[in-house]
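Report on the structure given below.
The values are calculated or read from the model by the stated rules, or taken from the named source; none is laboratory data. Everything quoted here is computed from the prediction, not taken from an experiment. Here the Cβ positions follow ideal geometry from the backbone for every residue, glycine too, while neighbour counts run over all protein chains shown.
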Amino acid sequence: MNTDTPPSSTPNTGTRRALGASALVALAVAFVAVTILSSFALRGIRLDLTENRLYSIASGTEKILAGINEPITLYFFFSEQPSRDTPDLRAYAERVRELLEEMAQRSSGKLHLTVIDPQPFSEEEDRANGFGLSPVPVGGRGDSLFFGLAGTNSTDGHETIGFFQPDKEEFLEYDIASLIYRLAHPRRPVVGLVSSLPLAGAPASATGPGRPAWAGIAQLSGLFDVKPLGEGFTNIAKDIDVLLLVHPKQLAAPSLYAIDQFVLGGGKVLAMVDPQAEQDATRSPEGQPGAGRSSDLSPLLASWGVEYDSSEVLGDARKALSVTLRPNQPAVRHLGVQAFTREDFNAGDVVTAGLDAINFMTSGVLKPEAGSGLTFEPLIQSSDQAALLSSARFTVLDDPTTLLDGFKATGERYVVAARIRGDIKTAFPAGPPAGAEAGAGLKTSTTPANLIVIADTDMLSDLLWVRTQDMFGQRAVVAWANNGDFIANVLDNLTGSADLISIRGRQSFFRPFIRVDGIRQQADVRLRSKEQELDMQLQETEANLQELDTAKNDRTSLVMTPEQEAEVKHFQEERTRIRKELRDVRRSLDVDINTLGTTLKVVNIVLVPALLTVGVLIAALLRRRRRAARLATPQPMGAVP
């Protein structure tokens, strides 16, 4: 009798385990292989799903990077240890580093980035100091940190960003791209200057002492190659990057035509006109000052889509400064002299962002020309307590207080500086005027224009933004307003490439807690009245206690009566109760916020992982059931399930 067991028709358990282990090993090897291959095959491919595409650089930046011909090295300095207690600054530093890495990756190897943590008393710290970067004190332990950028090119040129200010995060890409552009194009921009004012000063002579150059022009000469255009110019050299027109009075038609063709050919212009230039020394035939001090640049402004009336001067009651016209006289408010601050600036434009104060004097007003089709972007505006005054009232003004007579604010905010963009048509549709230089005779702009117009020229004078003092025989200039910085920003912006100008301020990387802010506002409105009521009760109770204490210390009543002692005890208990209730009310202001925070923690820590776990378990259960169903199905002999 044969008792041997016949061989089974299905694989044994050991075989199935071996196959399962082999499959896992194969999957692991495949996963590693796919990861390695994808790191090479997908290098440089990124997917930005943020709402404002915060991790994608602008097309203008890509063109600037593509235009780099010689290698550029960037050194990003950030102090890790001193910043450990400033998480917001560390988060912003990470944002800066990621943007720099993105630019380096897209530069085709022309941009090299080195990240440096300058430790105290190290060679890295000496290098940061050598580039002109200065540490900023942080915390209360005397620590200081570096947070800046230095760049060098192949010709030993260097540019720096001394410190990345978090409040200018919207312009981060512009600032870095501007630094790279200057390194890639080391030639100093050329500014063509046209002015009827004595900007360059005058040398000393036998008839009197000399006058120094205006501080604003001296500052610009250190940043740009400033070339004055002579009187009666009829052409503008091709090497001129931007025109600076300061009080261009009574320009001849050929000169106006040359400016017109310069703009139509893609040239950039900063035009400063004035209805009443106080620095203009022009006098009337009778010898009276103040006559003929206006400039209007007609007919160019109209073709640029700007409406401007040289007979109107801005008066602003809210922004008016107090001035002294004569020695030994008290200062009085002058409606025509204004101090504009951050609230009056266009925070979305790089030329005004970050500035604090700019002073104007007897400025005009700019308005968009109806139907011009051009973009009119205000840069500086008045307050809503402003109105227009006749420029004739400023011709001979002995007492600025007379400007208040009949003054009535219109409630409108007037523009005193604006950026103009778009396609421009010539101001000479009938052709070039007599005496103009022959040329192409452009009728429309070849590229979209980018111009900035300011309705004041006095703002560039030393009187409104700097004070001078003698230090060891040298003339020292100290700025107390940002007038010069504003003009330098404008010219720096206009002399950049069209790609650089196209990089506008981005949305901030840091997102506000809109829901939390809304809850806080609702709680404030709901509970503030209760808090004020309790505060008033507490003040009354403490006043009553003070009166009782005074009565107790009065020499005529050395001993308090039982009624007074009971009253004191009652007020003390009442004060304790009110203070407790007041603390509860103030604490309740944060209840909804804490509840929201708890809800978010539960969702992120418990609910989402729980849902994922349930999903995985359901998927595993379904898979097991399908496998069991396949095994339960009768199979032919020798088949492997």
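What to note about this one:
- Here is the figure for region 128-168: residues that are assigned to a helix (DSSP H, G or I), at pLDDT 90 or above and surrounded by fewer than 19 Cβ atoms within 10 Å (Cβ to Cβ) total 2.
- Positions within region 117-127 being part of a loop (DSSP other than H, G, I, E, B) and farther than 13 Å from Gln81 by Cα, in sequence order: Phe121, Ser122
- Any hit, region 368-383, residues being part of a loop (DSSP other than H, G, I, E, B), in the same structural domain as Ser195 (by TED's automatic domain parsing), in contact (Cβ under 8 Å) with a residue 24 or more places away in the chain and under 30 Å from Asp167 (Cβ atoms): yes
- Among the residues making up region 201-215, those that are modelled with pLDDT under 85 and not in a strand (DSSP E or B) are Gly201, Pro203, Ala204, Ala206, Thr207, Pro209, Gly210, Pro212.
- Tally of residues being surrounded by 19 or more Cβ atoms within 10 Å (Cβ to Cβ) and either assigned to a loop (DSSP other than H, G, I, E, B) or outside the structural domain of Ala488 (by TED's automatic domain parsing) (or both) across region 250-281: 9
- Among the residues listed as Leu243, Leu223, the single one being closer than 27 Å to Gly305 by Cβ, among the aliphatic types (A, V, I, L, M) and either in contact (Cβ under 8 Å) with a residue 12 or more places away in the chain or surrounded by 13 or more Cβ atoms within 10 Å (Cβ to Cβ) (or both): Leu243
- Some residue of region 344-360 being touching a His at 6+ places or on another chain (Cβ under 7 Å), in the same structural domain as Met459 (by TED's automatic domain parsing) and not aromatic (Phe, Trp, Tyr): no
- Pairs are defined by a Cβ separation below 9 Å, a sequence spacing of at least 6 or placement on different chains, a first member in region 313-336 that is under 18 Å from Ser363 (Cβ atoms), and a second member that is among the aromatic types (Phe, Trp, Tyr) and assigned to a loop (DSSP other than H, G, I, E, B); the pairs so defined are Leu314/Tyr414; Gly315/Phe407; Asp316/Tyr414; Ala317/Phe407; Leu335/Phe407.
- Looking across region 297-312, the residues that are assigned to a loop (DSSP other than H, G, I, E, B), surrounded by fewer than 21 Cβ atoms within 10 Å (Cβ to Cβ) and touching a residue at least 12 places away in the same chain (Cβ under 8 Å) come down to Pro299, Asp309, Ser310, Ser311.
- Which numbered condition Ala237 fails, given (1) part of a loop (DSSP other than H, G, I, E, B); (2) touching a residue at least 40 places away in the same chain (Cβ under 8 Å); (3) buried (at least 16 other Cβ atoms within 10 Å of the Cβ): (3)
- A residue that is over 18 Å from Leu179 (Cα atoms), at pLDDT 90 or above and not in a loop (DSSP other than H, G, I, E, B) occurs somewhere in region 97-116.
Let's see how each residue does on (1) in contact with a Phe, Trp or Tyr (Cβ under 6 Å, 6 or more places away or on another chain); (2) at pLDDT 85 or above:
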{"site": "Glu170", "(1), (2)": "no, no"}
{"site": "Asp175", "(1), (2)": "no, yes"}
{"site": "Ile180", "(1), (2)": "no, yes"}
{"site": "Arg187", "(1), (2)": "no, yes"}
{"site": "Val191", "(1), (2)": "yes, yes"}
{"site": "Ile217", "(1), (2)": "no, yes"}
{"site": "Phe224", "(1), (2)": "no, yes"}
{"site": "Lys227", "(1), (2)": "no, yes"}
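- Scanning region 324-340 for residues that are touching a Lys or Arg at 6+ places or on another chain (Cβ under 8 Å) and surrounded by fewer than 21 Cβ atoms within 10 Å (Cβ to Cβ) yields one hit, Ala339.
- Test for Arg393: is it assigned by TED's automatic domain parsing to the domain that holds Ser310, free of Cβ contacts under 8 Å to residues at least 60 places away in the same chain and over 25 Å from Gly496 (Cβ atoms): no
- Only one of the listed residues (Ile68, Ile57, Ile64) is in a loop (DSSP other than H, G, I, E, B), within 23 Å of Asp499 (Cα to Cα) and touching a Leu at 6+ places or on another chain (Cβ under 7 Å). That residue is Ile68.
- Residues of region 401-420 that are surrounded by 20 or more Cβ atoms within 10 Å (Cβ to Cβ) and outside any loop (DSSP other than H, G, I, E, B): Leu403, Val415, Val416, Ala417, Ala418, Arg419, Ile420.
- Residue in region 13-24 that is under 28 Å from Thr152 (Cα atoms) and either among the hydrophobic types (A, V, I, L, M, F, W, C) or at pLDDT below 65 (or both) present: no
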